[in-house]
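The values are calculated or read from the model by the stated rules, or taken from the named source; none is laboratory data. Remember, predicted model here, so these are calculated numbers, not experimental data. Because the Cβ atoms are built from the backbone with ideal geometry, glycine has one as well, and the counts that use them run over all protein chains shown. Areas reflect the complete protein model, heavy atoms only, side chains present, ligands, DNA and RNA absent. Shrake-Rupley method; radii C 1.70, N 1.55, O 1.52, S 1.80 Å.
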Amino acid sequence: MHQDIIPLYAADIQDQLKKQFAYLSGGRGGDGCPVITFPDYPAFSEIPEKEFQNVLTYLTSIPSLRDAGIGFILVIDRRQDKWTSVKASILRIAASFPGNLQLVLVLRPAGFFHRALSDIAFRFNKDELKMKVPIIMLGSVSELQGYIDKTQLTEDLGGTLDYCHNRWLSRRTAIEGFAQKVKQTAQILQSFGTELAETELPNDVQSTSSLLATHTEKKDKMKEDIRVAVEQGSDILGSITKPVTENPDYKLNQDQLDNQTTVERLLAQLHETETAFDEFWMKHQQKLEQCLRLRNFEQNFREVKTALDIVSERLSAFTDVGNSRSHVEHILKDLANFKEKSDETVTKAKMLASERDAFIQSNHYAVDSIIPKCSELHHLCDAFTTETERRRKLLNKSLELHDLLEKSMKWCDEGIYLLASQPVDKCQSQDGAESALQEIERFLDTGAGNKIKELNKIHEEYAHILNEDLKMHVQKVFQKQESMEEMFQKRQVSLKKLAAKQTRPVQPVAPRPEAFVKSPCTSPGLQRENVSNSESSALRRVNYRKGKSEMTELHQSRGGSTMDDEENLAVLRQHVMNELIETERAYVEELLCVLEGYAAEMDNPLMAHLISPELQNKKDILFGNMEEIYHFHNRIFLRELETYVEYPELVGRCFLDQMEDFQIYEKYCQNKPRSESLWRQFSDSVFFQECQRKLDHKLSLDSYLLKPVQRITKYQLLLKEMLKYSKNCEGAEDLQEALTSILGILKAVNDSMHQIAITGYDGNLNELGKLLMQGSFNVWTDHKKGHTKVKDLARFKPMQRHLFLHEKAVLFCKKREENGEGYEKAPSYSYKHSLNMAAVGITENVKGDAKKFEIWYNAREEVYIVQAPTPEVKATWVNEIRKVLTSQLQACREASQHRTLEQTQSLPLPLPASSCASPSRNHIRNTKKTEEKKADLTSLEGCGTTVAPKYPEKGKGWAKPSHSLDASEENDGWSSAEEALNSSDAEEEGGGGGAGEMKLTPGKYTVVTDYDKGVSEEFTMKSGDLVQLIREGEDGLWFVKNLSSGREAWIPANNLLMLIGNSKSAQSLSSSESGTASSNLSTSSSCSDSCNVSSTSFSDIKG
């Protein structure tokens, strides 16, 4: 079986070679045969066969194939050995020698006996020792030199050959190691080259860069290995030639020459391999670098292409040509800023496209795919630049049109002002009329460069920018111009008539208002016909009926005065409307500027490095719901306002239609303190400074964050102005209602700002219902329960409390000091206690102070005397509390009535069907008499009949509505305390809970106030009438007869309490009762009787 011969290396059998039982000295025979010497080695027979075979095989492999083919000469030195050993050595060598043998020279033992024995034994054993080559037994070294030249023999054999076994072994190891290194290097380079050739080029920059770096690193390592190998071979070659270098006469033996040749050949092979690899690497590196450049180009192309698509898409959004000059200027500024920002992208795209020539010059392998991309970039850049310029020209054209329109409108306004400013009395004279005519003619001469001359030419010249809105705007301006010119023509006609007459001037007389019919203002789609003079008809563009054909000069004078007043008001209304719309547009633009220039930039990855980590994800805190506000004004409110531009007096309807949407400002204002605090922390941020620089704003962001607060307060001022000039117009009521609603929103915003400052309240404030009122008061406590000294002290020392009135509770808080800056200066309110409105009653008047009223709880177990800053504030609070209590009582009664109707059949009232009228706004609710009876809810003002209440027991307490003789007109005589309030503690002075009650008894009484609000058209009572209470009927009704008129009717008991007041009955009222009644009549009105609602405290009272 054939087996591959594995070559041996000196390094592998180094230990075996070191034994030196055989060596190749480098000597040669006469015909160049290599000489292998077997020196005297006592333990020759003990050498393992494997080692012996390895050494002989290795030594025979060293000479060249040519020299080895001639055959080896073996010199066996056994001069110190025995014949037996010689025989064994010869036999072993003959059996194991792997190469060709030419001659075997044996130096026999030197001893006489062993020499003689060897001669005899050799003769007798010649056939046994027979080998393929002759064996010559030599007796001395000199005989040996007869076969091999002395110069080819080592010193131990009497020769002169320089041989050191250790040096030979080290050199052989080095040469073979170098040969292996060269071989391995060649193999590695070949494998690396194959790897490079088979590598697929990546499709992205990162992978290509990584591959190039990896291959370059491997190449550098290969080059380093080659350098080390070359250095190693050079060192070996130097060591071989060193003797020659040191002694030029030195002759290298054949082995040394072979070694020199081998090393030189290996070095040449290494250089050739390195050169081939370098050439291959240059091509591979160029390909990788071209690939990387291509991938960079493709990546940059994609990025630039995407950026160009984005800027082109944004450019396509610049479709608006503007609705005013300021709007167009803002769009032009935005376009310029946009172009400035886009120039970087366009420049980058052009630079990338310019790389086309460089790719072509470098003979790039992918130039066919690069050229189309470069052409595409050039096309996109040119298209973007062209479109930008086109948009700019359109906007400049729009600006030119708006300039023309504004000039025309300004000219019209100046003309209207001129007509309004001409004094009527001076125009009655001939000189005055002529002067006015000249003034009008001079003004009309200025119209050449200001007015629109031909509408068709405008449409033709600006056709490419005229959208429907702009066409409508142009039409309105042109109509306004025509109307103004028509007004001037009619004024000229009137003045020419006055100038032509040679009559004495008419003394102007101020017209009486009732002598003329006021013409209402026009509304969208509505025109009314009224009597007026010709100039008023032209000014207001309303189709009035023609007046009498013959008017006197006096009538003309008076009519002209009225006309001028109306003209002036119309001009003022239009100016307020113009200010409203222009400021609204500016406001919308400012909001958009903030949202795009600041808020959107917080999400821009390119700006992320400028934003501190603490500011990230805080956009909602900083800007609140500004985006919601912007969308409301931009999409809805501004557009609605613009529809009223020609009808400013009706703009109140626009506010009322959108009033609910204005509630979004409450959320913005509630967030404002947090926004202010965040701004103060980061106002010096580089991000905000960069945004402000890009926007070219002179003011910082906080000024713009204040805009919504300023805007919502501005509306009420504009509405007041509009209302002032629209008193006699059709939309005056809507303007007043809109003004009231806006003020209500401002109040709600202000209240909510205070509400969010409440601290220490454990529950949810939202569960208390809507916040109705809030304000600071002096409060005294006067409770039935508690230490007497504490009560006395409480009467004289008030507490400063801030009250918050909700639908379901009233909160008592203590105002804390104001600290901080800006919005942080707002006070905070420390919660103290609260009262459930279901168990609250009020006494509207406290004797001795018109600013005080009482809030009491649980049938006056807890009494709080509240002093308002002014009587007006007190009246407002009392009215609001009254509404809450009344609405709660009504809800309870309705629930009770519903249950009663389900259980029993209601009893009919002893009244005619026509006795009830429709309810008015202010209702007075009364409790039911019994649960089995149906309660009939009516109001004092709107219904003449009601179910008379029965007074509750003491301690059950929500104050029922009754009427006080001391009540103010605004409060409509309301009082809801349990008893007459002559001091801070009525129970102590009155001596009992029922001291203040007044019970009706049959008898005669004098009416103290008029009564004609229901019952029937026939039955009325006037102040001073004498009435008789005949009997008490069902459901708290009294049968009453008016002795003055003789009429009779059923009247509710609580109405009678107000009507008869402190009037005495001859049969029933005592002096003490009368005094109590005249002071203050009140009843308890807890809803616990009708709704089973517990009258316990809403929360424990805390100090």
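I'd like to verify a number: residues in the range 188-199 that are surrounded by fewer than 11 Cβ atoms within 10 Å (Cβ to Cβ) and modelled with pLDDT of 85 or more, how many?
Within the range 188-199, the first condition is being surrounded by fewer than 11 Cβ atoms within 10 Å (Cβ to Cβ), and the residues that meet it are 191, 194, 197-198.
With the extra rule that they be modelled with pLDDT of 85 or more, the set shrinks to 191, 194.
Of the residues in the range 188-199, 2 are surrounded by fewer than 11 Cβ atoms within 10 Å (Cβ to Cβ) and modelled with pLDDT of 85 or more.
Give the residues of the range 442-457 that are in a helix (DSSP H, G or I) and free of Cβ contacts under 8 Å to residues at least 24 places away in the same chain, sorted by residue number.
Hits for the range 442-457 are Arg442, Asp445, Ala448, Leu455, Asn456, Lys457.
Mind telling me which of the residues Ser752, Ser776 ends up being under 31 Å from the mean Cα position of the chain (by Cα), of a type in the set (Ser, Thr, Tyr), over 20 Å from Glu579 (Cα atoms) and surrounded by fewer than 18 Cβ atoms within 10 Å (Cβ to Cβ)?
Ser752
Any idea which residue in the range 434-451 is nearest to the chain's Cα centre (by Cα), counting only those that are open to solvent by less than 40 Å² (accessible area, probe 1.4 Å) and at pLDDT 85 or above?
Among those residues, the one meeting the criterion is Phe443.
Go through the range 200-212 and give me each residue that's open to solvent by 60 Å² or more (accessible area, probe 1.4 Å) and assigned to a helix (DSSP H, G or I).
Gln206, Ser210
Of the numbered conditions (1) at pLDDT 90 or above; (2) within 16 Å of Asp258 (Cα to Cα), Ser64 fails exactly one; give the number of that condition.
Here Ser64 clears every test but (1).
Find all pairs meeting these conditions: Cβ atoms under 6 angstrom apart; at least six residues apart or on different chains; first residue within the range 58-81 and open to solvent by 20 Å² or more (accessible area, probe 1.4 Å); second residue charged (D, E, K, R).
Gln80/Asp40
Looking at (1) modelled with pLDDT of 55 or more; (2) assigned to a helix (DSSP H, G or I), which is the one condition that is false for Met137?
(2)
Could you say whether any residue in the range 333-340 is touching a residue at least 40 places away in the same chain (Cβ under 8 Å), in a helix (DSSP H, G or I) and over 20 Å from Leu695 (Cα atoms)?
No, the conditions are met nowhere in the range 333-340.
In the list Lys770, Lys791, which residue meets the criterion of being surrounded by 15 or more Cβ atoms within 10 Å (Cβ to Cβ), of a type in the set (Lys, Arg) and at pLDDT below 90?
Among Lys770, Lys791, only Lys791 is surrounded by 15 or more Cβ atoms within 10 Å (Cβ to Cβ), of a type in the set (Lys, Arg) and at pLDDT below 90.
Looking at the range 458-474 only, could you name the residues that are in a helix (DSSP H, G or I) and without any contact (Cβ under 8 Å) to a residue 12 or more places away in the chain?
Of everything in the range 458-474, those that are in a helix (DSSP H, G or I) and without any contact (Cβ under 8 Å) to a residue 12 or more places away in the chain turn out to be Glu460, Glu461, Glu468, Met472.
In the range 859-873, what residues are part of a loop (DSSP other than H, G, I, E, B) and in contact (Cβ under 8 Å) with a residue 24 or more places away in the chain?
Ala859, Arg860, Glu861, Ala868, Pro869 - these are the residues of the range 859-873 that are part of a loop (DSSP other than H, G, I, E, B) and in contact (Cβ under 8 Å) with a residue 24 or more places away in the chain.
Check Lys339, Lys397, Lys373 and return the single one that is under 31 Å from the mean Cα position of the chain (by Cα) and surrounded by 15 or more Cβ atoms within 10 Å (Cβ to Cβ). Spell out how you get there, then give the answer.
Details: Lys397 fails: under 31 Å from the mean Cα position of the chain (by Cα); Lys373 fails: under 31 Å from the mean Cα position of the chain (by Cα).
It is Lys339.
Kindly indicate which of Glu646, Glu666, Glu640, Glu690 is open to solvent by 30 Å² or more (accessible area, probe 1.4 Å), in a loop (DSSP other than H, G, I, E, B) and out of contact with any strand residue (DSSP E or B) (no Cβ under 7 Å at 6 or more places or on another chain).
Result of the check over Glu646, Glu666, Glu640, Glu690: Glu646.
Within the bounds of the range 410-426, is there any residue that is modelled with pLDDT of 85 or more, surrounded by 15 or more Cβ atoms within 10 Å (Cβ to Cβ) and not in a helix (DSSP H, G or I)?
Checking the range 410-426: not a single residue is modelled with pLDDT of 85 or more, surrounded by 15 or more Cβ atoms within 10 Å (Cβ to Cβ) and not in a helix (DSSP H, G or I).
In the range 861-901, what residues are open to solvent by 10 Å² or more (accessible area, probe 1.4 Å), at pLDDT below 90, among the charged types (D, E, K, R) and over 21 Å from Leu768 (Cβ atoms)?
The answer is Glu861, Glu894, Arg899.
Looking at Asn625, Asn671, Asn604, which is the one that is open to solvent by less than 50 Å² (accessible area, probe 1.4 Å) and out of contact with any helix residue (DSSP H, G or I) (no Cβ under 9 Å at 6 or more places or on another chain)?
Only one candidate passes the filter, namely Asn604.
Checking Gln286 against (1) closer than 30 Å to Pro63 by Cβ; (2) open to solvent by 60 Å² or more (accessible area, probe 1.4 Å), which single condition isn't satisfied?
(1)
Residues checked against (1) more than 57 Å from the chain's Cα centre (by Cα); (2) part of a helix (DSSP H, G or I):
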{"site": "Ser239", "(1), (2)": "yes, yes"}
{"site": "Lys242", "(1), (2)": "yes, yes"}
{"site": "Thr245", "(1), (2)": "yes, yes"}
{"site": "Tyr250", "(1), (2)": "yes, no"}
{"site": "Glu272", "(1), (2)": "yes, yes"}
{"site": "Asp278", "(1), (2)": "yes, yes"}
{"site": "Glu289", "(1), (2)": "no, yes"}
{"site": "Phe297", "(1), (2)": "no, yes"}
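Touching a helix residue (DSSP H, G or I) at 6+ places or on another chain (Cβ under 6 Å), hydroxyl-bearing (Ser, Thr, Tyr) and assigned to a helix (DSSP H, G or I) - does that describe any residue in the range 874-896?
Within the range 874-896 (the criterion being touching a helix residue (DSSP H, G or I) at 6+ places or on another chain (Cβ under 6 Å), hydroxyl-bearing (Ser, Thr, Tyr) and assigned to a helix (DSSP H, G or I)), the answer is yes, since at least one residue qualifies.
Are there any pairs with C-beta distances below 9 angstrom linking a residue in the range 846-858 that is in contact (Cβ under 8 Å) with a residue 12 or more places away in the chain and closer than 16 Å to Arg801 by Cβ to a residue that is open to solvent by less than 60 Å² (accessible area, probe 1.4 Å) and among the aromatic types (Phe, Trp, Tyr), with the two at least 6 apart or on different chains, and if so which?
Lys852/Trp780; Phe853/Trp877; Glu854/Tyr864; Ile855/Tyr864; Trp856/Tyr864; Tyr857/Tyr864
For (1) outside any loop (DSSP other than H, G, I, E, B); (2) more than 22 Å from Cys164 (Cβ to Cβ); (3) out of contact with any strand residue (DSSP E or B) (no Cβ under 9 Å at 6 or more places or on another chain), each residue gets a yes or a no:
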residue	(1), (2), (3)
Gly26	yes, no, no
Thr57	yes, yes, yes
Asp81	no, yes, yes
Lys87	yes, yes, yes
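Just to be sure I understand the filter: pairs with C-beta atoms under 6 Å, separated by 6 or more residues or on different chains, first member in the range 629-655 and farther than 18 Å from Glu666 by Cβ, second member open to solvent by 50 Å² or more (accessible area, probe 1.4 Å) and outside any helix (DSSP H, G or I). Which pairs pass?
Tyr647/Pro524
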